[in-house]
1. Modelled label-to-label distance, B:Leu248 and C:Thr218, 7 Å Cα→beta-carbon offset: nm?
2. Dipole of the range B:98-163, Cα-centred, from +1 at each Lys and Arg C-beta and -1 at each Asp and Glu C-beta, to the nearest 20 debye?
3. Under a no-solvent Debye model with one identical scatterer per Cα of chain A, what's log10 I(q)/I(0) at q = 0.08, 0.12 Å⁻¹?
4. Tell me which of B:Val20, B:Phe168, B:Leu180 sits at the most positive position along the dipole axis of chain B, charges placed on C-beta atoms (Lys, Arg +1; Asp, Glu -1).
5. Please identify, among C:Lys135, C:Lys100, C:Lys259, the residue showing maximal mean-square fluctuation in a Gaussian network model of chain C using a 10 angstrom Cα cutoff.
6. What does the convex hull of the alpha-carbon atoms of chain B project to on average, in nm²?
7. Taking only Cα atoms and a 10 Å spring cutoff, compute GNM fluctuations for chain A and point out the largest among A:Asp249, A:Asp74, A:Asp34.
8. Per residue of the range B:182-193, in order, report the coupling 6.51 cos²θ - 1.76 cosθ + 1.60 (Karplus, θ = phi - 60°) as ³J(HN,Hα) in whole Hz, putting x for Gly and Pro.
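Computed from the coordinates by the stated procedures, all read-outs in this text should not be read as laboratory data. Because the structure is a prediction, the values reported are computed rather than measured. Neighbour counts run over all protein chains shown; Cβ positions are idealised from the backbone, glycine included.
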Amino acid sequence: MSLLEVRDLRAQFDLHTETVEAVRSVSFDVAAGDSVGIVGETGSGKSVTVRSILGLLRAPGRVTGGTARFNGDDLIGMKPKALRRLRGTEIGLIPQNPFGSLNPILTIEKQFRNVLGAHGQAASRETVHGRAVAVLESVGISQAERVLAGHAHQLSGGMAQRVAIAMAFILEPRLIVADEPTTALDVTVQKQILDLLADLIAADQRSLLIVTHDLGVVANYCEKVVVMYKGEVVETGLVRDVFVNPSADYTRSLLDSVPKPGERW
Amino acid sequence: MPLVEATGLSKTFNVSGREVHAVSDVSFTIGRGETLALVGESGSGKSTTGRMCLHLLEPDSGTVAVDGRHVSDLSGAELRAARRNMTMVFQEPYQSLNPKMRVGSTIEEPLILHEPDLDAAERRERVEDILERVGLPREYRLRFPGELSGGQQQRIGIARAAITNPAFIVLDEPTSSLDLSVQAQILRLLRKLHSDLDLAYLFISHDLHTVRFVSDRIAVMHQGRIVEHGTTESVFTDPEEMYTKTLLGAALGITPRPR
Amino acid sequence: MSAVTTFLRNRPGLGLGLLILVVILGASTFAPLPYDPVATDVSSTLKSPSWEHVFGTDRSGFDVFSRTIRAARVDLSLAVVGTLLSMVIGVPLGLLASTKNRWSDRLMRGLDTFQAFPLLVLAIAIVSLTGNNLKNVVVAIGLINTPRFMRLVRADALAVRESRYVEAAISLGASPARVLRRHVLPNVSGIVLVQATLTAANAIVVIAALSFVGIGVTPPTPSWGSMIRSGTQNIASGSWWISIFPGLAVVLAVWALNKIADGVQAGIGRSR
């Protein structure tokens, strides 16, 4: 049994004038230790899929069918309290925009304390501080003390994303979900962050689910790929198979649109 | 004589008390019908440089000459008249189009400004011609930007920039905001116009792959300065500077890597 | 047409507001009234509401219902014309004030001084100084509301100027005047429309207040304000209908205009 099993997931948006089916019967698996990339362009439904699975889909969007079993328990329809507990301790979320998820007013350390406290692990200040320093160092922040005492706006984009990753990892979840984690970052920083993510995943046999529009990210950091187009899964498989020998037309046209080295005017 | 000659461009901004040297002593040339790519990450100064080339921003020092005229010296009506020959395509297609104006009005504005002898019927014909050239149906001149997709909106932006047959177009990350499959289409369109109209491009981008596809020469910018420049092939196959190598190394190709 | 009907169906408040306004205006202009609004009937004074006189009669024997309806014509048209006047002055000045130069700063500073006066007092002062006639009421309304439009337009225009399509227009060689006319103004007009309906709503209240204190609309021409005033003397003796109905009319008209403003605002909010 896979760590995450999504079957026949459906979600739609109820707008004033029409109903948009954003996710139509999407199914895929993430096994323990897997790194899976969901790739698609705008409107493919990839972000809505992931938000639906994690219970983060807001009105006017709603899930209309299907299951998403995490370790056997269906996340769809799970009580909010249980879902929240799961989201911190078993499933870690890395957002697209770290500054959107970091509180601008609280110090970084206070935010770590809140995260740990929400799951009953903020026993003492020293413990919290110690764990925060450790996890910040594990994501490559050498000046952990300074960062902890400071605020979000003092961080660069790359640093903020490292902090967001640290917050996602501190409770040692088994599945990490990253929604376009590097889109907002510069190319050089992007590689560092993705390398970091790959190292952290590999170190503890965690699973990774990345949502992205960037084929390069999937090619270099994922073993399996789920290709989405207009709310449907058009192809799944191992990256090394799909990228070299795609079976779906859409996949092929997507791969073709990336300029190849040597190809010129 | 090169079409575009930028010499010693510099620009400093005052950001909440601090002085930011966005561009420091940047010089380059672009020949007629040539494409120069300006590559850099955010904060490298590439967009600021592009705008100084068109005198949309006032350089603190340095000059820009386009087709023999010193653009940096022009102002008022003379500068506006010169804009017939040098235009810009912007990064965010939707933002660059007036949401209250129909496509046709947006595209014909350069004609109203620079070819006032044309009457409405003649303008309409030119608009329809350029719409065809950029691969859109003629009827689209009646549409509003909000009704179109990102790729179509960018085609409008390109049509607007090309309708007066300028010699020089600055393209500021023209495909960065578009979907992958659409990017390729737009790049092909740009290539076609480049050859059909004998245009010179300053192609600003953060993406090395795209740039390799479109440019004759590349200038790499880092923190306001050009750190490396040369023909596309030489920059890719034999980079000299550390930063260029880092940039090249960070660009992700789509060949699957075994893990 | 279907786009308009969908638009209205989704915003019941807006539709209702428009409907009420149209009904009021239409009735006051075209509807046959049961009694001549300016004809007195000394034989039936201070009659409470009945089938004969739906809203009752006042001290002079005027039929309150007929006068309430007819007053709409005067009050609403004064409000609308006054609002239009302040738009015609305020919008261009606001656009000009959004350009960065010495004059715009001085203009805004002068505006601060002007707005320091309480508007109603100012209106009374203007009319008292220039003479008590309808024209001056309109001028007063126009003047006191001009600053509102100026500020609004200036603020919105400043934001619009930062947009990419304005930069694009400049990059094409458009002159500053053309940029203002073709690119800034059309994108500011939505907010101006909202403000106009709100200003008209406010103007109705101001006109009522002015005629309440005897300025502006003179008897026997019916105006909600003067009707309310004439009724105040009779409330104590129990004839409540003389003031209440015109008062309700003011409330209704203001409510309708506010609903329209809400609807328009929601409409432009969407398209932004």
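1. 9.2 nm
2. Working: 11 positive and 12 negative charges, 73 e Å.
Value, rounded to 20: 340 debye.
3. Ignoring solvent entirely, the Cα scatterers give -0.33, -0.75.
4. B:Leu180
5. Maximum among the listed residues: C:Lys100.
6. On the way: hull surface 64.4 nm².
Taking the Cα atoms of chain B, their convex hull projects to 16.1 nm² on average.
7. Among A:Asp249, A:Asp74, A:Asp34, the largest GNM mean-square fluctuation belongs to A:Asp249.
8. With the stated coefficients, the range B:182-193 comes to 6, 4, 4, 4, 5, 4, 5, 4, 4, 5, 5, 4 Hz.
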